[in-house]
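Data block below; observations after.
The values are calculated or read from the model by the stated rules, or taken from the named source; none is laboratory data. It should be emphasised that the depicted structure is a prediction, and the values quoted were computed from it without experimental measurement. Note that we place each Cβ from the backbone using ideal geometry, even for glycine, and neighbour counts take in every protein chain shown. Accessible surface areas use protein heavy atoms only, side chains included; no ligands, DNA or RNA. Shrake-Rupley method; radii C 1.70, N 1.55, O 1.52, S 1.80 Å.
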Amino acid sequence: MGDGDVNSNLLFARSPGDAQLDRAVGQRLSWDKNPKTKAQIENLVRNGMNKELRDRLCCRLTFGTAGLCSAMGAGFCYINDLTVIQSTQVSIVEGI
């Protein structure tokens, strides 16, 4: 988790032992370049907020009839820098 992140060992020590959640946390922390949203996820990990982490990271933001609709915040199911970038890349590739 956290390629080159000096604090990644501290975060991983709080791992819930759920492989899907561990993978999602690792991906989010390594892909998220926004310090504010990254800090939100790190704080949830540090405080053992596994249900909140699962709600934010184990689902994906999807296009609806009105486009992308969600609250802004950290996580794969919220609107933030990373999910907008990922959504636009999928749109271009799939020709949406």
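Some observations on this one:
- Residues in region 40-76 that are part of a strand (DSSP E or B) and either out of contact with any Phe, Trp or Tyr (no Cβ under 8 Å at 6 or more places or on another chain) or over 24 Å from Thr88 (Cα atoms) (or both): Phe63, Gly64, Gly67, Leu68.
- Selection of first residues in region 21-32 that are part of a helix (DSSP H, G or I) and of second residues that are open to solvent by less than 10 Å² (accessible area, probe 1.4 Å) and aromatic (Phe, Trp, Tyr), restricted to Cβ pairs under 8 Å at least 6 apart or on distinct chains, gives the following pairs, ordered by first then second residue: Ala24/Phe76; Arg28/Phe76.
- Where Thr65 falls short, out of the listed (1) open to solvent by 70 Å² or more (accessible area, probe 1.4 Å); (2) within 12 Å of the chain's Cα centre (by Cα): (2)
- Pairing each residue of region 78-95 that is among the aromatic types (Phe, Trp, Tyr) with any residue that is exposed (fewer than 10 other Cβ atoms within 10 Å of the Cβ) and at pLDDT below 90, provided the two are 6+ apart or on different chains, yields C-beta distances under 8 Å for Tyr78/Ala71.
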